[in-house]
1. For segment 475-540, what is the accessible area per residue in Å² when the probe is 1.4 Å?
2. Residue farthest toward the positive end of the dipole of segment 86-150, with Cβ of Lys/Arg at +1 and Asp/Glu at -1: which of GLN116, GLN105, LEU86?
3. Rounded to the nearest 0.05, what FRET efficiency is calculated for TYR324 and ALA46 with R0 set to 60 Å and r the Cβ-Cβ distance?
4. Taking the Cα centre of segment 181-239 as origin and charging only Cβ (+1 Lys, Arg; -1 Asp, Glu), how large is the dipole, in debye to the nearest 20?
5. What number comes out for the charge environment of ASN320, summing +1 per Lys or Arg and -1 per Asp or Glu over other residues with Cβ under 13 Å away?
6. Could you look at the chain and say what percent of its accessible area is carbon and sulfur, using a 1.4 Å probe and all protein chains?
7. For segment 233-357, with equal point scatterers placed on the C-alpha atoms only and solvent neglected, what are the log10 I(q)/I(0) values from the Debye formula at q = 0.10, 0.12, 0.18 1/Å, to two decimals?
8. Solvent-accessible area per residue for segment 366-471 at a 1.4 Å probe radius, Å²?
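The values are calculated or read from the model by the stated rules, or taken from the named source; none is laboratory data. Everything numeric here is computed off the predicted structure, so don't read it as measured data. Positions of Cβ are backbone-derived with ideal geometry, glycine not excepted, and every protein chain shown enters the neighbour counts. With ligands, DNA and RNA removed, areas are computed over all heavy atoms of the protein, side chains included. Shrake-Rupley method; radii C 1.70, N 1.55, O 1.52, S 1.80 Å.
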Amino acid sequence: MKRKSILLLAALMLVMSMFLAACGGKEKAGTKTEGNKNGQTKNGEASKDGGTLIYAVDTAPEGKYNINFYGNASDSAVLDFIDDGLITYDEKMKPIPNIASWETQDNKVYKFTFKQGVKWQNGEELTVDDWIFAINTLADKDYEGPRYVNVQTIEGAPAYHDGKAQEISGLKKIDDYNIEITFDKARVNNLENLWTYPLSRKEFEGVKVKDMMKSPQVRQNPIGTGPYKINKIVPGESIELVRNDDYWQGKPHIEKIILKVIDPSLMVGELKNQTVDFSDFSPVSYDEIKKLDNVNILKSPGVSYYYVGFRLGTWDGKKNVANYDKYNNKQLRQAMAYAMNRQEWNDAFFFGLGHPVNRPIPSSHWIAADNSELNEYPYDPEKAKQLLDEAGYKDVDGDGFREDPNGKPFVVNFSHYKTANPTFEARAKQIAQYWEEVGLKTKVNMTQVDLYYDKLEKADKAMEVFFGGWSTGSDPDPSGLWRSDSLWNYARWVNKDSDKLLDDALDVKIVGTDQEKRKQLYVDWQKLFNDELPVIPIAELDQTIALNKRVHGVELNPLGTNSPHLWWVDQK
């Protein structure tokens, strides 16, 4: 089972779930887990059965409790307990078998083999028909969820989606436990982008696709193949999960898990009073939680990063167009990077959990370029001033702020999303202060988070320079964010060399199965990005979990935790 961390602040989590849904990243993430042999945990402790664990979430679930339909990070916390994917990922974020194994000779045609005896929580056995049913549902024209992108590269899926075919030609059932899937063409990452979560045919029998999203099977009585099943839902307050005694990887240790909605401002007190056993938390609470003697903190490198972006163009509905000139001077962008004390900023606002980053690839990914190959843009305000002078940005009227190369007033319009979190405005103003210290007058615009990215997509005039962040999935390919034809390339950066490097890294004819060759292409791309600097990467975050010391068996890595069926508690 894979569990995606909900580390990031609530506003950013919504943005990221939108990206993952739209760009086809794997929503659930985690690692291969080893079962407990002879009742022993990894460190030799004797595991115990029974008890209840209180698991805190800071946002009430939306209520879409089937992974084929959800689009919200708060629902993901529930799904992590009740469902399993066919494949999983190891500590290096490489796909490995879970319920299904696979083989391929050409990265176009894959044969998958299911484990036998895996059961849904309604007692029905899982077969390849349930996966075919899921793929057909996601490709249906009436499907309302965000997952069609994960099946549209299967041969025949677009024709099925458009009503031009009665079935998806790329799906070939061999028997109940074997299936062959043919993609429209060979790609290095076809497997990573494929939707690998079945949907129970039995449960949804007679339900039209257009009605599935609102059905009781999704909203009130969901089932999965995971270690826990939903027993009771109190909307907006809590969800009670009970263990699935027939779980295919073995009976879970903990008898009951209660997901409880807790206001983040109360989290430290709840942990201290031992009314919460397990919680993600935001960096602002880190120092307080470290002081609690009844709590252990698990920490791991994460897969998320923050950046400051420059608007270089607009979106014409199909591609980005480089038609906005204010920030097209590379020396200007580089000067603004040198002006920022990113280490100081990280220390001030992420409390030791954020670290300066020089590329739009988290360090935990296997394709990440080493810093020695990149310009690290160390804090150097004198260098910033020199670059600005060379680019023609000079103070010609003596007011302390620089005009543009034509002698006209130059103001950096900098936008940051706004929530109830008071640190957001403070960190935005700190960035503005860095730029003003080298003579760039800056105006900070705080925009409500629910409007922020919509305005960014529509090229709102106030959003010329903007704060953003992404959480990446198991597939490190950044094409969905930074190709010239990507909607989520919010900088509207158009660069043919960038597109070619990204395309080559996915081209089987060029890289074959040579991971090092593929990595080098991505490293070359990061070096190009690092020089052109369409955005300034400023921070990557560790992910953290606070655990009551009575909780055992939990492991954390960049993609999440190990399976909850391995966790256990000392009973109160």
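1. 37 Å²
2. It is GLN105.
3. 0.40
4. So the magnitude is around 120 debye.
5. With Lys, Arg at +1 and Asp, Glu at -1, the neighbours total +2.
6. 46 percent
7. One equal scatterer on each Cα of segment 233-357 leads to -0.62, -0.78, -1.07.
8. 48 Å²
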